[in-house]
Amino acid sequence: MSRIRYYIRAMRLRTLPLSLAGVALGIFLAAADYHVRWEVVLFTVLTTLSLQMLSNVSNELGDALRGTDREDRQGPSYSLSSGLLSKRDFKFMIWMYALLSAGFGLALIWFSFGTLLSLEAILLMILGATAISGAMRYTLGSNPYGYRGLGDIYVFIFFGIVAVLGSYFVAAHEIRTWYLLLPATSMGLFSVAVLNVNNIRDMETDAATRRTIPVRIGEKWAKVYQTALIAGGWICMFLYAHSRMFSIWHYLFVLTLPLFAVHVAGVWKGHGKTLDPMLPLLVMSTFLFAVLGGAGFVVYLCTSGIFQL
């Protein structure tokens, strides 16, 4: 039973709301424009969670193999570095989550399009294979991109653009307007901000092993970068709301503004381990922002008598 507890610990459950934020926003926006099947929603969520857990266990194993998950790191200790699980356990989990990601992804495509042989289905399978590879190669492999300061690009693309537009597309079978790039960019910027504050916290220990953005530009400019990411995410969502027919419901996400303000203030005041509480705060703020931002469009349709089940 204790071993199961360590497997659960390796999932890093506090990261899961961030992975769900983009797909939640995409699904809500699709539901505001089209009828969305519950099977598609279910397998979108399951695929997303599997990919996130694959990324988490792959990153932990990669850090351990390279000796970067050291005792003096500022973040929480993990199962592998603490000796609670072995490298063999993590390799098993990587294969398990990779297979789950592939299986759930194929089920998602099937329930969405009714076939695995259409052009859309094949393109989505290629995208899914890329996502699985990307989740594993952040710190694993001969040339992991996380050690070269490229994690920001991966996070922006997959947690923002792919998460929002991909979940919208599998639900709606089309991208209704390219204005949807605005909420997708918003989610991408907030997700990069989560990675960035994590990297600011770990700057001192990362300096010897990896070239993250904060290590490259220094703590002060990394905090300026953090502020710009948060501001950019808000601007993009405001522009998207403004692009639709005006309704106060479209601005429901504004309710999360105090949470983001507390986060930015905490980042500027904090240093090292004292920044750790800013991570879950930003993760939950982003998740609530996404849910409220998307739900506002659905609520508008319901109150206008347009919404159809």
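The values are calculated or read from the model by the stated rules, or taken from the named source; none is laboratory data. Worth saying up front: this structure is predicted, and the values here are computed from it rather than measured. Heads up, the Cβs are rebuilt from the backbone with ideal geometry, glycines too, and the neighbour counts pull from every protein chain shown.
Listing for the model above:
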| item | result |
| --- | --- |
| So Ala171, is it crowded, with 19+ Cβ neighbours inside 10 Å and either of a type in the set (Gly, Ala, Ser) or within 14 Å of Thr44 (Cα to Cα) (or both) | yes |
| Long-range neighbours under 6 Å by Cβ, at least six apart or interchain, first residue in a loop (DSSP other than H, G, I, E, B) within the stretch 232-250, second surrounded by fewer than 21 Cβ atoms within 10 Å (Cβ to Cβ) | Ser247/Tyr300 |
| Residue in the stretch 266-276 that is without any contact (Cβ under 8 Å) to a residue 12 or more places away in the chain, farther than 15 Å from Leu25 by Cα, of a type in the set (Val, Ile, Thr) and assigned to a helix (DSSP H, G or I) present | yes |
| Candidates Ile109, Ile122 - the one that is loosely packed, with under 14 Cβ neighbours inside 10 Å and part of a helix (DSSP H, G or I) | Ile122 |
| 1 or more residues under 22 Å from Leu106 (Cβ atoms) and of a type in the set (A, V, I, L, M, F, W, C): qualifying helices (runs of 4 or more DSSP H) within the stretch 1-67 | 16-33, 38-66 |
| Test for Met187: is it modelled with pLDDT under 90 and hydrophobic (A, V, I, L, M, F, W, C) | no |
| Neighbours by Cβ (under 6 Å, 6+ apart or cross-chain): first from the stretch 136-155, on the phi > 0 side of the Ramachandran plot; second assigned to a loop (DSSP other than H, G, I, E, B) and at pLDDT 75 or above | Gly149/Arg211; Gly149/Thr212 |
| Residue list for the stretch 11-51, restricted to those being closer than 20 Å to Asp276 by Cα and of a type in the set (S, T, N, Q) | Thr15, Ser19 |
| Where a residue in the stretch 6-29 is without any contact (Cβ under 8 Å) to a residue 12 or more places away in the chain and its partner, wherever it lies, is in a helix (DSSP H, G or I) and surrounded by fewer than 19 Cβ atoms within 10 Å (Cβ to Cβ), with Cβ under 8 Å and at least six apart | none |
| Hey, Tyr154 at pLDDT 95 or above, in a helix (DSSP H, G or I), in contact with a Gly (Cβ under 9 Å, 6 or more places away or on another chain) and aromatic (Phe, Trp, Tyr) or not | no |
| Filtered residue count, the stretch 2-32, keeping only those that are modelled with pLDDT of 90 or more and either among the basic types (Lys, Arg) or under 18 Å from Gly293 (Cβ atoms) (or both) | 16 |
| Index of the failed condition, Lys223 passing every other in (1) of a type outside the set (Asp, Glu); (2) under 15 Å from Met187 (Cα atoms); (3) buried (at least 19 other Cβ atoms within 10 Å of the Cβ) | (2) |
| Single match in Thr185, Thr227 (criterion: part of a helix (DSSP H, G or I) and closer than 16 Å to Gly26 by Cβ) | Thr185 |
| Qualifying residues in the stretch 244-261 (those that are more than 17 Å from Thr177 (Cβ to Cβ) and out of contact with any helix residue (DSSP H, G or I) (no Cβ under 7 Å at 6 or more places or on another chain)) - the one surrounded by the most Cβ atoms within 10 Å (Cβ to Cβ) | Val254 |
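Conditions tested, residue by residue: (1) closer than 22 Å to Gly22 by Cα; (2) surrounded by fewer than 20 Cβ atoms within 10 Å (Cβ to Cβ).
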| residue | (1), (2) |
| --- | --- |
| Ile235 | yes, yes |
| Leu239 | yes, yes |
| His242 | yes, yes |
| Val267 | no, no |
| Lys273 | no, yes |
| Pro280 | yes, yes |
| Ala290 | yes, no |
| Thr303 | no, yes |
